[in-house]
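Scroll down for the structure; my scribbles are underneath it.
The values are calculated or read from the model by the stated rules, or taken from the named source; none is laboratory data. Quick caveat: nothing in here was measured; it's all calculated off a predicted structure. No Cβ is skipped: glycine too gets one built from the backbone with ideal geometry, and neighbour counts run over all protein chains shown.
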Amino acid sequence: MSAIFVTATGTGIGKTFITSGLIRHFRAAARPVDAIKPVVSGFDAAAWQDSDPAALLAALGRPMCLEEVERLSPWRFTAPLSPDVAAQHEGKTIDFRELTEFCRRAMAARNGILLIEGIGGIMVPLDRHRTVLDLMSVLRIPVMLVAGSYVGTISHTLTALEVLARRNIDIAAVAISESVGSAASLDETVAAISRFADAIEVIGIARMPAGTGDDPAFARLAALL
């Protein structure tokens, strides 16, 4: 696989943590890798160093500057809301065709593997009529679903997998990003989801600092991509 869409069961689950860890793993293995995160909400231009695009840049070893952030994430909105609503707050809209073409250009220009990180969960609205699911359906590339290990994630994850399957979207893997402080253990969550995931690989990733990629689980995950 040369392009993967990284999506999640919801917001704040760990997409950037997983994506950054994979980038570091690929780079350590001397495998070419690039990443984009086309749409970002909750973006503070005065503190952009703390943003998700900045975390991706750090993992990629790219210059830490706003110009590079703009290259990775052309659609940036201040309000920490769904992209459609955040855009409305600024009198803007997301042009779905432009968004799709941006992703396709990145796919065409890739050298090695390209990770496209989505925003929020699989059904987050991008405009009045389309969601992240619609973008994944148009791009037709394999998807890695990121879920948490919090109580309730089993239902959320299986629901997301069912929705993806109904759109005939290829699921490369499910990555369970450890939810700190959860009553459910990471191993228990992985085992439970695996029982229902119909031959899809489910891999648990412990919350190591900054998504270092040192966890052997990243190697197992990367081998599926």
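Got a number for residues in the stretch 51-67 being among the acidic types (Asp, Glu) and at pLDDT 95 or above?
So the first thing to find is which residues in the stretch 51-67 are among the acidic types (Asp, Glu), and the list is 52, 67.
Narrowing further to those that are at pLDDT 95 or above: 52.
Selection size over the stretch 51-67: 1.
Of all residues in the stretch 15-49, which are buried (at least 22 other Cβ atoms within 10 Å of the Cβ) and either touching a His at 6+ places or on another chain (Cβ under 7 Å) or among the small types (Gly, Ala, Ser) (or both)?
Of everything in the stretch 15-49, those that are buried (at least 22 other Cβ atoms within 10 Å of the Cβ) and either touching a His at 6+ places or on another chain (Cβ under 7 Å) or among the small types (Gly, Ala, Ser) (or both) turn out to be Ser20, Gly21, Ala35, Ser41.
Give the residues of the stretch 7-62 that are acidic (Asp, Glu) and in contact with a strand residue (DSSP E or B) (Cβ under 9 Å, 6 or more places away or on another chain), sorted by residue number. Working first, answer last.
Step one: of the stretch 7-62, the residues acidic (Asp, Glu) are 34, 44, 50, 52.
Of everything in the stretch 7-62, those that are acidic (Asp, Glu) and in contact with a strand residue (DSSP E or B) (Cβ under 9 Å, 6 or more places away or on another chain) turn out to be Asp34, Asp52.
Can you tell me which residues in the stretch 94-120 are outside any helix (DSSP H, G or I) and surrounded by 14 or more Cβ atoms within 10 Å (Cβ to Cβ)?
Hits for the stretch 94-120 are Ile94, Arg110, Ile113, Leu114, Leu115, Ile116, Glu117, Gly118, Ile119, Gly120.
Scan (1) surrounded by fewer than 20 Cβ atoms within 10 Å (Cβ to Cβ); (2) modelled with pLDDT under 95; (3) within 17 Å of Thr19 (Cβ to Cβ); (4) not aromatic (Phe, Trp, Tyr) for the single condition Leu139 breaks and write down its number.
Result: Leu139 passes all but (2).
Does the stretch 68-82 contain any residue that is surrounded by 15 or more Cβ atoms within 10 Å (Cβ to Cβ) and in contact (Cβ under 8 Å) with a residue 40 or more places away in the chain?
Taking every residue of the stretch 68-82 in turn, at least one turns out to be surrounded by 15 or more Cβ atoms within 10 Å (Cβ to Cβ) and in contact (Cβ under 8 Å) with a residue 40 or more places away in the chain.
Take the stretch 183-224 and flag every residue that is in a loop (DSSP other than H, G, I, E, B), at pLDDT 90 or above and within 25 Å of Leu56 (Cα to Cα). Lay out the reasoning, then the answer.
Kept after step one, since they are in a loop (DSSP other than H, G, I, E, B), are these residues of the stretch 183-224: 183-185, 197-201, 206-208, 212-215, 223-224.
Filter once more, keeping what is at pLDDT 90 or above: 183-185, 197, 200-201, 206, 223-224.
Once the filter is applied, which keeps residues that are in a loop (DSSP other than H, G, I, E, B), at pLDDT 90 or above and within 25 Å of Leu56 (Cα to Cα), the stretch 183-224 yields Glu201, Ala206, Ala223, Leu224.
Say we look at the stretch 2-29 and pick out the residues that are among the aliphatic types (A, V, I, L, M) and outside any loop (DSSP other than H, G, I, E, B); which of these is farthest from the chain's Cα centre (by Cα)?
Just the residues of the stretch 2-29 that are among the aliphatic types (A, V, I, L, M), to begin with: 3-4, 6, 8, 13, 18, 22-23, 28-29.
Those left that are additionally outside any loop (DSSP other than H, G, I, E, B): 3-4, 6, 8, 18, 22-23, 28.
On the way: Ala3: 12, Ile4: 9, Val6: 3, Ala8: 6, Ile18: 8, Leu22: 11, Ile23: 12, Ala28: 20 Å.
If we take residues in the stretch 2-29 being among the aliphatic types (A, V, I, L, M) and outside any loop (DSSP other than H, G, I, E, B), then Ala28 is farthest from the chain's Cα centre (by Cα).
Between Thr11, Thr93, Thr7, Thr78, which is in contact with an Asp or Glu (Cβ under 9 Å, 6 or more places away or on another chain) and within 18 Å of Leu145 (Cβ to Cβ)?
Details: Thr11 fails: in contact with an Asp or Glu (Cβ under 9 Å, 6 or more places away or on another chain); Thr93 fails: within 18 Å of Leu145 (Cβ to Cβ); Thr78 fails: within 18 Å of Leu145 (Cβ to Cβ).
One residue alone meets the criteria, Thr7.
Taking the condition of being within 19 Å of the chain's Cα centre (by Cα) and either of a type in the set (A, V, I, L, M) or assigned to a helix (DSSP H, G or I) (or both), how many residues in the stretch 51-73 meet it?
Here the count works out to 14.
So which residues in the stretch 146-167 are in contact with a strand residue (DSSP E or B) (Cβ under 8 Å, 6 or more places away or on another chain), surrounded by fewer than 20 Cβ atoms within 10 Å (Cβ to Cβ) and not aliphatic (A, V, I, L, M), if there are any at all?
His156
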